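A short write-up of the structure that comes next.
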């Protein structure tokens, strides 16, 4: 095996400065998505141990109650309840949830400002807290329940099993392909040792490879499913075991329904 | 050349490296061994600056490598030129339209003229015996061809250190043998080699020194590769080998079994 001469010599190379912001930002955003998927799975193990079915059902009900309520007292009670639930979560989850809730509330205020200028103060004082409560409720559900448990819980709402399977597979492949593209971006970063005048060409190459990879994975998975006897029908197993935490959660939510009815009547 | 001092690293609370101290000199051929999930790949990522230690120090050529230091693009590019990383999954490393462009990617960025780039690409193609693939699309190649191409596109940048993550995985025995000889020649040419592997049959040929990780993500041994392979108790303790009951010519017996490691009855 004859080694070329340049390979035995030390490379005398002084790199030129170049901007890698786009690659770095893409890496960071992919890392965030993958970490979010991993964390939602970890959360359920450490969380409140409340059945995902109950969480999905009552979160949906709570959103409906918030939307139809005309009582500011009820909305305030719901916000207090949600914030007390939020306070038992991890610091980074509290920060992220409140950040999103406040940001969207501010955006809602901006949208409602013209109506406030025309004298309709009611909407700004009612809709903004409603938006805040809804976003907080959804984020609490999202952070305290794994995505797979949420899709399984959809069975209660008579969502077809095959749709649940497709959702599960989608989540799985977001993670797998996300991890694959993250490694491709790492590779591009490690091989970008100089001035790359055609960064977007490299990125389109990554996108193309991802497309081919996802097609290959889909074909392989379909073949594997066929080999395991898949004929287009799928039954999702649902097993609900009530724990003490579930019963407390149900009681709290029934109380909230009573509060809603009470303030609706008076 | 590479100094890793008391380095620990965790992925979202899960320990991957625990108080690792290891130093590698220029021209060495070091193998990282250990069971799955013991931290070998994380250490390779750390050496390449993909992840930074939570605690401890990583120095390359006496310069500390930190995220802050790597934000300086000139420093980062020079650092990445000096260390070439061959990923475990070659698919993640190939993103150009054809084999020629893939190998030329690094040299072109290094500001070489097109004639010099062509010479370097041709050298790499003939060195890895893949001249016939020059105009092929990387995603249509076989596993072995992709691995050769991944090595070629890293070699074309002429790095001082070559880091390989499980290079033997998924290769047929003939290509494995070829790769062993190739890595040996590269090491003779002065390249520092850091290889993570499970292949205990070939590890002795591609490394003179082995660093063994245990399941607690710590270094269980850092010694001569031959000596390490003879230390059956230690290999068993870290769960790299197991006791294997089987039958030879009607004679049932057991002995320690090392995956991919040849044995005589």
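Scattering from the C-alpha atoms of region B:26-158 alone, worked out with Debye: what is log10 I(q)/I(0) at q = 0.16 1/Å?
-0.93
Which of B:180, B:154 has the fewest other C-beta atoms within 10 Å, and how do the rest follow up to the most?
Working: B:180 19, B:154 25.
In increasing order of surrounding Cβ atoms, one gets B:180, B:154.
Using Cα pairs under 8 angstrom and six or more residues apart, how large is the relative contact order of region B:40-159, in percent?
Details: 114 pairs, mean separation 33.9, N = 120.
It comes to 28 percent, rounded to a whole number.
Run through the DSSP bridge list for region B:144-254 and note the antiparallel percent, rounded to the nearest 5. List each step's numbers first, then the result.
Working: 9 of 14 bridges.
In region B:144-254, DSSP labels about 65 percent of beta bridges as antiparallel.
Applying 1/(1 + (r/R0)^6) with R0 = 35 Å to the Cβ-Cβ distance of residue A:60 and residue A:106, what FRET efficiency is obtained, to the nearest 0.05? Walk me through the intermediate numbers first.
Working: r = 26 Å, r/R0 = 0.73.
Using R0 = 35 Å, I get an efficiency of 0.85.
Can you check what the Kirkwood hydrodynamic radius comes to for region A:194-266, Cα pairs only, in Å to one decimal? List each step's numbers first, then the result.
Values: mean 1/r = 0.0532 Å⁻¹.
Averaging 1/r across every pair of different Cα atoms and inverting gives 18.8 Å.
Nearest 5 percent is fine: what portion of the DSSP beta bridges confined to chain B is antiparallel? Mind dumping the intermediate values first?
Details: 27 of 44 bridges.
Counting DSSP beta bridges with both partners in chain B, the antiparallel share is about 60 percent.
Return the percentage of antiparallel bridges among DSSP beta bridges fully within the protein assembly as shown, rounded to the nearest 5 %.
On the way: 27 of 44 bridges.
Restricted to the protein assembly as shown, the bridges split so that about 60 percent are antiparallel.
Calculate the spin-label point distance for residue A:172 paired with residue A:87, positioning each point 7 Å from the Cα along the beta-carbon direction, and give it in nanometres.
A separation of 4.2 nm, rounded to one decimal place.
Which translational diffusion coefficient, to the nearest whole µm²/s, is obtained for the protein assembly as shown from the Stokes-Einstein equation, given a Kirkwood hydrodynamic radius over C-alpha pairs, 10 °C and 1.306 mPa s?
On the way: Rh = 27.1 Å.
After rounding, the answer is 59 µm²/s.
Kindly state, to the nearest 0.05, the FRET efficiency for residue A:98 paired with residue B:215, given R0 = 35 Å and r defined as their beta-carbon distance. The partial results should precede the final answer.
Working: r = 40 Å, r/R0 = 1.13.
For residue A:98 and residue B:215, the calculated efficiency is 0.30.
How high is the relative contact order of region B:2-258, in percent, counting Cα pairs under 8 Å that sit 6 or more residues apart? Spell out each step's value before the answer.
Working: 440 pairs, mean separation 63.6, N = 257.
Over region B:2-258, the number comes to 25 percent.
For the residue pair residue A:261 and residue A:71, what label-to-label distance in nm results when each label sits 7 Å from Cα along the Cα-to-beta-carbon direction?
With each label placed 7 Å out from Cα toward Cβ, I get 1.1 nm.
Using 1/(1 + (r/R0)^6) with R0 = 45 angstrom and r between the beta carbons of residue B:205 and residue A:29, what's the FRET efficiency to the nearest 0.05?
On the way: r = 42 Å, r/R0 = 0.94.
Between residue B:205 and residue A:29 the formula returns 0.60.
Find the Rg to Rh ratio for region B:2-258, where Rh is the Kirkwood radius over alpha-carbon pairs and Rg uses the same atoms. Write down the numbers at each step before the final one.
Working: Rg = 19.4 Å, Rh = 19.5 Å.
Reported Rg/Rh, Kirkwood definition of Rh: 1.00.
For the protein assembly as shown, what does the helix formula give at 222 nm: sum of -39500 (n - 2.57) over DSSP H segments with n ≥ 4, over the residue count, nearest 500 deg cm²/dmol? Could the numbers behind the result be given before it?
Details: 20 runs with 295 residues, N = 531.
-18000 deg cm²/dmol, from helical runs alone.
With contacts defined as alpha carbon pairs under 8 Å and 6 or more residues apart, what's the relative contact order of chain A in percent?
Numbers: 176 pairs, mean separation 93.0, N = 266.
Rounded, it is 35 percent for chain A.
No lab work stands behind these numbers, since they all come straight from the coordinates. This structure is a prediction, so every number in the text was calculated from the model and none was measured. Neighbour counts are summed over all protein chains in view; Cβ atoms, including those assigned to glycine, are modelled from backbone coordinates with ideal geometry.
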